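The values are calculated or read from the model by the stated rules, or taken from the named source; none is laboratory data. Fair warning: this is a prediction, and the values are worked out from it, not measured in the lab. Please note: Cβ atoms are built from the backbone with ideal geometry, for glycine as well, and neighbour counts cover all protein chains shown. We work out accessible area using only protein heavy atoms, side chains counted, and drop any ligands, DNA or RNA first. Shrake-Rupley method; radii C 1.70, N 1.55, O 1.52, S 1.80 Å.
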Amino acid sequence: MASSRLLCLCPASWSTPILVRFFEWFGDFGRFCGRLARTGFAPPYEREEFVHQLSEVGARSLLLVGLAGAATGVVFSLEARDSLLRFGAKPLLPTIIVLSILKESGPIITGLIVSGRVGASIGAELAAMKVTEQLDAIEASAVDLYKYLVATRVLACVLMLPLLTVAADFCGVVMGWVATTLTDPIPLRLFVNSGFARVGFNDLLPATLKTAVFGLIIGLVACFEGMRARGGTAGVERAAASSVVYASIFIILADVVLVRIILVFFP
Amino acid sequence: MNAATPQAAVQVQSVHKSFGAQHVLDGVDLQVAQGETLAILGQSGTGKSVLLKLIIGLQQPDTGSIRIHGQEVAGSDMRKMNELRQKIGFVFQSAALYDSMTVEENVAFPLKRHAQLSDADRRTRVQELLASVGMEEALGKMPDEISGGMKKRVGLARALALAPDILLFDEPTTGLDPITSAEIGELILKLQRERKVASIIVTHDVQVARMVADRLALLRDGRILITGTFEDLKNSHDAFASKFLSSAWQG
Ligand SMILES: Nc1ncnc2c1ncn2[C@@H]1O[C@H](COP(=O)(O)OP(=O)(O)OP(=O)(O)O)[C@@H](O)[C@H]1O
Ligand SMILES: [Mg+2]
């Protein structure tokens, strides 16, 4: 009795120990992914829905991602300038700003922002459709949910994430220059030239493309959480929240692994 | 494949379904021939909606068999399942319209995917379908801009889109005024006459059941308590059956 109490940490379900729920979650999630892989990507394709989702994902997050990127650029410029001055390495400032944005901050910030914005909205959308029987209605019309709803959203996230990352990188670098030039005037051309002088293919491409994995995580987790929602309005709210929480955690964990892999293959 | 005996359109055999400890269906048997209309009556919460969802494979029975034109529903793969579902129209209790689409797009949804029609032909077909339920004016409206009864009728038009052989209605007239209810009843009768559809109608509305159904079935305690014509049930010695009918049928 007392020991079972101790195991039950999560108020959502007092009856099942958290460890069991943890494994159940992964089991269900694995089945969900398997089902998607089996039927989701077979023709005929849902082109219209896919294009719609591309624009939704892009439009919903572009402004936020741009703002977050810009803010990061400013912060880097301020912080790095201070540190570099101490070592008398101020000429390195553009390189430091560009490198840290392109290699890490741009991608991870984009992943987290999109998981908050798009993950929540996909999770809530599908959950609302679930609790109002719209998912049942789609299935009753002999349409595969995995093809119509899941594959389109997951693919849209996978494709849009790298593009949004480029947008975040761009805003970051430009605002990094603006913040730098306010204290130490430097022409944009010079800033970019010296900033990118030591940046190579291995810095740029793997870091940008790894965000496709973040997109995959966001799409899969949000669709999964949305489709298994139950229990009316509260269920919709739970699905939206857990989409964001799980997607963000998995993105951070995936980033650790991906950075390690990229270091091995693109030294 | 057994060509000698006429196949039932829908055949349900000793189907059991529980949710956790709650036994909702406890050995349901029923059978509907092509061209026949069966009304299922029963108190709220007896599992009528669950039964319809089992028939179209939205939920799986714990045990028992459900056949559509002789083909087993439970356990068939996705492709076969979808072939079966194209022959079935389902009218949801809650209408379940897609709330991000207009009325027109709702009705066009199954047509877009399963009927080889040009855009113009599809438009015409959608207009015909909406006209047949008296909703042609609502074409461009969103579901949250129309009333509950109108949603029901759009849901019916959507269910009819692929010209199904089998129709499953979950409370098609609940919440509608008597005149609209009678109109929906007429529509069901017309479908039955002209297209020989097999229908299962879950309803509390005994008048509509009497009007459209060849047979009535009373669901109680997870089983079909009694089936027969309206008169059979009314005159039956089963106290519950006659009470159920007479309490709903004040005349
Ligand atoms: N997905 C589900 N999970 C758990 N229990 C369920 C589920 N679906 C239905 N039930 C339970 O099954 C029982 C029957 O539900 P159902 O919706 O079939 O009733 P009904 O006969 O259609 O009632 P009504 O006439 O009010 O529509 C209810 O007690 C309900 O709590
Ligand atoms: Mg019901």
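What the table below lists for this structure:
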read-out: Subset of the range A:167-216 (residues that are surrounded by 15 or more Cβ atoms within 10 Å (Cβ to Cβ) and either at positive phi or hydroxyl-bearing (Ser, Thr, Tyr) (or both)); value: A:THR180, A:THR181, A:SER194, A:THR208, A:THR211
read-out: Residue satisfying all of: in the range B:91-116; within 16 Å of ligand 1 (Cβ to nearest atom) and in contact with a Ser or Thr (Cβ under 8 Å, 6 or more places away or on another chain); least open to solvent (accessible area, probe 1.4 Å) among these; value: B:ALA96
read-out: Any hit, the range B:97-106, residues being under 18 Å from A:TYR148 (Cα atoms), among the β-branched types (Val, Ile, Thr) and part of a helix (DSSP H, G or I); value: no
read-out: Filter result (away from chain A (no Cβ under 14 Å) and either open to solvent by less than 60 Å² (accessible area, probe 1.4 Å) or not β-branched (Val, Ile, Thr) (or both)) within the range B:56-70; value: B:PRO61, B:ASP62, B:GLY64, B:SER65, B:ILE66, B:ARG67, B:HIS69, B:GLY70
read-out: Residues being at negative phi and within 16 Å of ligand 2 (Cβ to nearest atom) - total across the range B:43-79; value: 14
read-out: Whichever residue in the range B:19-51 is aliphatic (A, V, I, L, M) and within 8 Å of ligand 1 (Cβ to nearest atom) and, among such residues, is nearest to B:LYS196 (Cα to Cα); value: B:LEU51
read-out: B:VAL28 being farther than 29 Å from A:PRO43 by Cβ, at pLDDT 95 or above and aliphatic (A, V, I, L, M); value: yes
read-out: Where a residue in the range B:28-55 is more than 14 Å from chain A (Cβ to nearest Cβ) and its partner, wherever it lies, is part of a helix (DSSP H, G or I) and within 9 Å of ligand 1 (Cβ to nearest atom), with Cβ under 6 Å and at least six apart; value: B:ILE40/B:LYS48; B:GLY42/B:LYS48
read-out: Residue tally, condition among the small types (Gly, Ala, Ser), within 16 Å of ligand 2 (Cβ to nearest atom) and assigned to a loop (DSSP other than H, G, I, E, B), over the range B:128-177; value: 1
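Here's the yes/no breakdown for (1) touching a residue at least 40 places away in the same chain (Cβ under 8 Å); (2) not aliphatic (A, V, I, L, M):
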{"site": "A:ARG81", "(1), (2)": "yes, yes"}
{"site": "A:LEU85", "(1), (2)": "no, no"}
{"site": "A:LEU102", "(1), (2)": "yes, no"}
{"site": "A:ILE113", "(1), (2)": "yes, no"}
{"site": "A:MET129", "(1), (2)": "yes, no"}
{"site": "A:ALA137", "(1), (2)": "no, no"}
{"site": "A:ALA140", "(1), (2)": "no, no"}
{"site": "A:VAL150", "(1), (2)": "yes, no"}
